[in-house]
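These notes are about the structure you will find just below.
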Amino acid sequence: MAVITISGKLASGAIEVGQLVAQKLGFDYVDKQTLMEAARALGVSDRAMLDRDDTAPPPPLRDRLIAFFEDFLERSAVAGAADPLMGTGNMEALMATTYREAAALPEAGHEFSDARYKEVITSVVKEVAARGNVVIIGRGSQAILKDYADSLHVCITAPRAVRTHRLAASDGLPEEKAKERVEDSDKGRADFHHKYFKVDPDSPDLYDLIVNTAGLSEEKVAELIATTLLLKLSRAASPA
């Protein structure tokens with residue numbers, strides 16, 4: 001039961017690569033959007049969910065995430081830790097929080113605090129990892145799961161100029177505007193990791209594999225990651 005964490009800057013290709021890796025290995029895939037969708041389903045009746053899709057039950061991963069969120073809210077209420085942030089209507093907003101927004105949260109003692117955010121995001125990542133066979137994108141997962149058994153931590157990168165050009169092309173932005181967005185995103189990502197985990201997200205010490213996507217296709221990078229995982233698991237299983 002393995003876990004792959006993939007960290008990457010804006011327009012590095014981390015999300016696309018992560019999806020391909022999950023497909024190749026038959027793993028679950030979890031990113032910010034996945035968590036938002038699960039949180040959005042909180043408080044929705046079974047009948048309402050069935051009405052949205054008459055042909056198939058909700059995906060097993062979403063079911064597990066919904067159950068985790070519900071259990072977390074119940075445990076928080078029992079412990080007397082309930083606050084407006086932890087209401088079902090606000091869990092989606094919490095999961096949607098960007099790196100920049102999370103880094104700007106006030107200290108503990110406020111309704112929407114950094115301590116509360118760290119508690120929730122750490123619990124979510126550990127819960128997802130405990131099920132195994134999953135690819136997790138970002139959210140500090142490489143730091144949260146740094147000592148997790150049977151894990152592979154990957155950093156997807158590319159030069160800023162390459163990422164700027166990609167973003168401009170994909171979003172139809174002027175190069176200057178794309179450059180601003182890339183720089184702002186990079187700063188938010190760095191601030192987030194420094195604040196919550198006291199690490200530099202670009203440090204090679206955090207990763208088993210760092211891949212520059214400037215000269216490689218997403219398919220080739222996904223193949224490299226899948227192969228590296230199998231090699232690492234094989235080595236771990238071999239006698240010393």
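The values are calculated or read from the model by the stated rules, or taken from the named source; none is laboratory data. This structure is a prediction, so every number in the text was calculated from the model and none was measured. Because the Cβ atoms are built from the backbone with ideal geometry, glycine has one as well, and the counts that use them run over all protein chains shown.
Below is a table of values for the structure above.
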item: Tally of residues being part of a helix (DSSP H, G or I) and not acidic (Asp, Glu) across region 108-153; result: 19
item: Which numbered condition Asp150 fails, given (1) on the phi > 0 side of the Ramachandran plot; (2) modelled with pLDDT of 95 or more; result: (2)
item: Some residue of region 187-207 being closer than 19 Å to Val21 by Cβ and assigned to a helix (DSSP H, G or I); result: yes
item: Options Leu10, Leu42, Leu20; residue that is modelled with pLDDT of 95 or more and either at positive phi or part of a loop (DSSP other than H, G, I, E, B) (or both); result: Leu10
item: Condition met for Leu229 (aliphatic (A, V, I, L, M), out of contact with any strand residue (DSSP E or B) (no Cβ under 6 Å at 6 or more places or on another chain), surrounded by 14 or more Cβ atoms within 10 Å (Cβ to Cβ) and at pLDDT 95 or above); result: no
item: Condition met for Asp184 (closer than 24 Å to Arg100 by Cβ and under 21 Å from the mean Cα position of the chain (by Cα)); result: yes
item: Residue within region 105-117 that is touching a residue at least 60 places away in the same chain (Cβ under 8 Å), buried (at least 16 other Cβ atoms within 10 Å of the Cβ) and among the basic types (Lys, Arg) present; result: no
item: Criterion: touching a residue at least 40 places away in the same chain (Cβ under 8 Å), in a strand (DSSP E or B), in contact with a helix residue (DSSP H, G or I) (Cβ under 8 Å, 6 or more places away or on another chain) and surrounded by fewer than 20 Cβ atoms within 10 Å (Cβ to Cβ) - qualifying residue of Ile210, Ile156; result: Ile210
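This table checks each residue for (1) farther than 28 Å from Gly188 by Cα; (2) modelled with pLDDT under 55; (3) in a strand (DSSP E or B); (4) not basic (Lys, Arg).
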position	(1), (2), (3), (4)
Ala48	yes, yes, no, yes
Asp51	yes, yes, no, yes
Phe69	no, no, no, yes
Ser76	yes, no, no, yes
Asn90	no, no, no, yes
Ala93	no, no, no, yes
